[in-house]
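The values are calculated or read from the model by the stated rules, or taken from the named source; none is laboratory data. Quick caveat: nothing in here was measured; it's all calculated off a predicted structure. Ideal geometry is used to build each Cβ from the backbone, glycine not excepted, and the neighbour counts take in all protein chains shown. Note: accessible area is taken over every heavy atom of the protein model, side chains too, but ligands, DNA and RNA are not part of it. Shrake-Rupley method; radii C 1.70, N 1.55, O 1.52, S 1.80 Å.
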Amino acid sequence: MRLRKKDWSSEVFEQFSDYLISDFEAIKGNWKETLKTDKLHVEIGAGKGDYWHQMSALYPERGIVAMERDFTASSIALKKLESNSGERKRFIYGDAEKLSEMFGPKEVDVVHLNFSDPWKKNRHEKRRLTYKTKLDDYYDVLTDTGEIWMKTDNVGLFNYSLVSVGSHKFELVDVHVDFRTTDDNDPFTEYEHKFHEMGQPIFRAIWRKKDVK
């Protein structure tokens, strides 16, 4: 469901323009140097920004980049900077159609896929964020030990991803079919809070890059 535009949305983009990245030619290959960090996380589909802000608070020494294509959701995430500032966090308003145009080879340590659109219809398979062409893109920008962290409430997407990612150049290193029964301190997203309160299981998997030459 599309969010209703806020009266202050455009103003927020101007207010926090220092956090917004759009000139990828200037920063591609230099993200870690620019953010003064040894670790770089990228969240695709950040929504209203809860996970982005919590990750930054949990790992202030790491670079945390959020990416969201919905204008209103992006503005809400940016507005939360009023009480969640951080020198190593950045935001990309746009689509993750081609990460390799935004990040250099082997520059990203973790790609986060949190509650991505499952695109349930077969004809929409290529839009899924764990489709093979997307995985090729992640593989290019991830470091030799880089990982994909995925959380979802959708068992269909989860099962699809286990097969799709598992048959690619990644190995499964962690998997849970009811993640919030563990003591892992991974932050909640806004969707995750809702599903957890409903008693709905959260599926989670981590894959690590393999076949590195």
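Take Lys5 and decide whether it is touching a helix residue (DSSP H, G or I) at 6+ places or on another chain (Cβ under 7 Å) and either assigned to a helix (DSSP H, G or I) or touching a residue at least 60 places away in the same chain (Cβ under 8 Å) (or both). Reasoning before the result, please.
On the way: touching a helix residue (DSSP H, G or I) at 6+ places or on another chain (Cβ under 7 Å): yes; either assigned to a helix (DSSP H, G or I) or touching a residue at least 60 places away in the same chain (Cβ under 8 Å) (or both): yes.
So Lys5 fits the description; yes.
Which of the residues that make up segment 70-119 are open to solvent by 50 Å² or more (accessible area, probe 1.4 Å), closer than 27 Å to Asp153 by Cα and among the charged types (D, E, K, R)?
Lys79, Lys80, Asp95, Glu97, Lys98, Asp117
Quick check on Thr34: is it closer than 22 Å to Leu129 by Cα, part of a helix (DSSP H, G or I) and either among the hydroxyl-bearing types (Ser, Thr, Tyr) or at pLDDT below 95 (or both)? Before you say what the answer is, go through the steps one by one.
Working: closer than 22 Å to Leu129 by Cα: no; part of a helix (DSSP H, G or I): yes; either among the hydroxyl-bearing types (Ser, Thr, Tyr) or at pLDDT below 95 (or both): yes.
Here the answer is no, as Thr34 does not meet what is asked.
Of the residues Pro118, Pro60, only one is of a type outside the set (Gly, Ala, Ser), in a loop (DSSP other than H, G, I, E, B) and touching a Phe, Trp or Tyr at 6+ places or on another chain (Cβ under 9 Å); which?
From the options Pro118, Pro60, the qualifying one is Pro118.
Residue by residue through segment 122-137, note down the ones that are charged (D, E, K, R), assigned to a helix (DSSP H, G or I) and open to solvent by less than 100 Å² (accessible area, probe 1.4 Å).
Glu125, Lys134, Asp136, Asp137
Output the number of residues of segment 159-173 satisfying the condition of being under 24 Å from Glu192 (Cβ atoms), surrounded by fewer than 21 Cβ atoms within 10 Å (Cβ to Cβ) and modelled with pLDDT of 95 or more.
7
If Phe203 passes every condition in (1) modelled with pLDDT of 90 or more; (2) open to solvent by 60 Å² or more (accessible area, probe 1.4 Å); (3) among the aromatic types (Phe, Trp, Tyr) but one, which one does it miss?
Single failed check for Phe203: (2).
Does Trp149 qualify as being open to solvent by less than 10 Å² (accessible area, probe 1.4 Å), within 16 Å of the chain's Cα centre (by Cα) and at pLDDT 95 or above?
Considered against the rule, which asks whether it is open to solvent by less than 10 Å² (accessible area, probe 1.4 Å), within 16 Å of the chain's Cα centre (by Cα) and at pLDDT 95 or above, Trp149 comes out as no.
Among what's in segment 1-36 and is open to solvent by 60 Å² or more (accessible area, probe 1.4 Å) and of a type in the set (Lys, Arg), pick the residue that is farthest from Arg69 (Cα to Cα).
Among those that are open to solvent by 60 Å² or more (accessible area, probe 1.4 Å) and of a type in the set (Lys, Arg), it is Lys36.
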